[in-house]
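Data first, discussion second: the structure below is written as structure tokens.
The values are calculated or read from the model by the stated rules, or taken from the named source; none is laboratory data. In this text the structure is predicted, and so the values were computed from the model without any measurement. As a convention, Cβ positions derive from the backbone with ideal geometry for all residues, glycine included, and neighbour counts pool all protein chains shown.
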Amino acid sequence: MFTFPADFPTADCKILVNSVRSEEPIPKEELVRAAWSVQGYVLGQLCGVPTLTIGKQTKTDPVAALELAIQRAESDEPVAQSNIPWAMVLLWIIDLVRLALKDRLNV
């Protein structure tokens, strides 16, 4: 049986954030692989073992939310217990992958 990633994928999150915050192009293969990794973690947070949520999740910029998660992970704070709007982050990642693969869409 497959399990969701338990450890926060900091390096892959940075790749996703850099895809919109940096002017340096990120190779499509690297971007999609990072998105796959982060999506697995996020889906685990949404559907896997219940995690503690502190307060009400507010609507916020998904990139800023991911940056907050990175900051917490790098300071050894438990990301899973942070008030991160994972569903919003997941939808943003899906859009990011869709844009990266738009040349393969027949629309």
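Residues that are polar (S, T, N, Q) and over 15 Å from Q45 (Cα atoms) within the stretch 60-107 comprise T60, Q71, S75, N106, listed in sequence order.
Can we say V49 is at pLDDT 90 or above and not small (G, A, S)? Give the derivation first.
On the way: at pLDDT 90 or above: no; not small (G, A, S): yes.
Considered against the rule, which asks whether it is at pLDDT 90 or above and not small (G, A, S), V49 comes out as no.
P85 falls short on exactly one of the conditions (1) closer than 16 Å to P9 by Cβ; (2) at pLDDT below 90; (3) in contact with a helix residue (DSSP H, G or I) (Cβ under 6 Å, 6 or more places away or on another chain), and that condition is (1).
Rundown of residues vs (1) aliphatic (A, V, I, L, M); (2) modelled with pLDDT of 90 or more; (3) within 13 Å of D12 (Cβ to Cβ), yes/no style:
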| residue | (1), (2), (3) |
| --- | --- |
| S22 | no, yes, no |
| L31 | yes, yes, yes |
| Q39 | no, yes, yes |
| G55 | no, no, no |
| K59 | no, no, no |
| I70 | yes, yes, yes |
| E74 | no, yes, no |
| E77 | no, no, no |
| I94 | yes, yes, no |
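Beta carbons closer than 6 Å, at least 6 apart along the sequence or on distinct chains, pair a first residue in the stretch 14-29 that is touching a residue at least 24 places away in the same chain (Cβ under 8 Å) and surrounded by 11 or more Cβ atoms within 10 Å (Cβ to Cβ) with a second that is in a helix (DSSP H, G or I) and among the small types (G, A, S) for L16/A34; K28/A100. Scanning the stretch 74-96 for residues that are assigned to a helix (DSSP H, G or I), touching a residue at least 12 places away in the same chain (Cβ under 8 Å) and either touching an Asp or Glu at 6+ places or on another chain (Cβ under 7 Å) or not small (G, A, S) (or both) turns up E74, V79, Q81, W86, M88, V89, L90, L91, W92, I93, I94, L96.
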